[in-house]
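Encoded as structure tokens, the structure appears first; notes follow it.
The values are calculated or read from the model by the stated rules, or taken from the named source; none is laboratory data. Model, not experiment: these values are computed from the prediction. Quick reminder, even Gly has a Cβ in these numbers, built from the backbone with ideal geometry, and neighbours come from all protein chains shown.
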Amino acid sequence: MPCSLSFKLFASLALVAGLAACDSQGGESAQEQAELREGNQSFAGEVDRSGAGALMPAVGLTNPDGRTLNLGALQGTPVLLNVWATWCAPCVREMPLLDDLAGDYDGEMRVIAASQDLQGAEKVVPFFEETGLSNLEPWIDSETQLSFAFGGQLPVTILYDAQGREVWRILGEYDWSSEEARALIEEGLGRNAA
């Protein structure tokens with residue numbers, strides 16, 4: 001057992017080091033994070049359809065109240081899964097746009113924000129409160145399983161259809177208020193062709 005525990009610790013440290021490119025140095029206050037969001041944004045994320053048809057990973061998430069959610073069991077409603085962290089500047093900048101999107105598609109699609117913050121609710125709850133996010137579902141992936149599953153880059157956002165199969169994913173920051181984003185969502189909801 002000690003070997004597997006050591007490997008898990010090593011793998012977690014490797015992931016944190018690998019994600020450092022997203023790191024905004026982690027010391028920003030909510031006001032500084034808000035200023036980041038209002039500054040120059042370069043939305044470099046691109047649509048990737050190479051994983052289309054793959055099942056949503058069966059990863060367990062926890063919400064700030066301690067409820068658990070098995071992603072692999074979600075079916076019946078499309079899910080937009082955003083994998084992010086409070087210390088990732090591109091993640092922080094796109095969160096208000098995702099929150100607006102979640103409000104616009106309330107009842108038609110779940111928008112789940114899966115935090116990769118190792119401190120869990122200690123970081124996520126204040127971030128949601130200070131930034132006024134009210135439509136996103138905050139969940140915590142305390143073992144960063146989703147980061148491993150999706151190659152360690154943050155942010156990554158994946159749309160799953162009502163059967164839990166991937167439609168497309170976007171690696172990197174994306175303009176969720178754009179017409180292109182709305183067309184992609186509509187496609188995932190089965191309302192128009194690609």
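Scanning the stretch 43-61 for residues that are part of a strand (DSSP E or B), under 23 Å from Ala89 (Cα atoms) and in contact with a Gly (Cβ under 8 Å, 6 or more places away or on another chain) yields a count of 1.
Could you tell me whether the stretch 62-71 includes any residue that is more than 14 Å from Pro155 (Cβ to Cβ), surrounded by 11 or more Cβ atoms within 10 Å (Cβ to Cβ), over 14 Å from the mean Cα position of the chain (by Cα) and modelled with pLDDT under 90? Among the residues of the stretch 62-71, not one is more than 14 Å from Pro155 (Cβ to Cβ), surrounded by 11 or more Cβ atoms within 10 Å (Cβ to Cβ), over 14 Å from the mean Cα position of the chain (by Cα) and modelled with pLDDT under 90, which makes the answer no.
Within the stretch 119-170, the only residue that satisfies the criterion of being among the acidic types (Asp, Glu) and in contact with a Phe, Trp or Tyr (Cβ under 9 Å, 6 or more places away or on another chain) is Glu166. The sole residue among Phe128, Phe150 that is at pLDDT below 95, closer than 25 Å to Gly60 by Cβ, touching a strand residue (DSSP E or B) at 6+ places or on another chain (Cβ under 8 Å) and hydrophobic (A, V, I, L, M, F, W, C) is Phe150.
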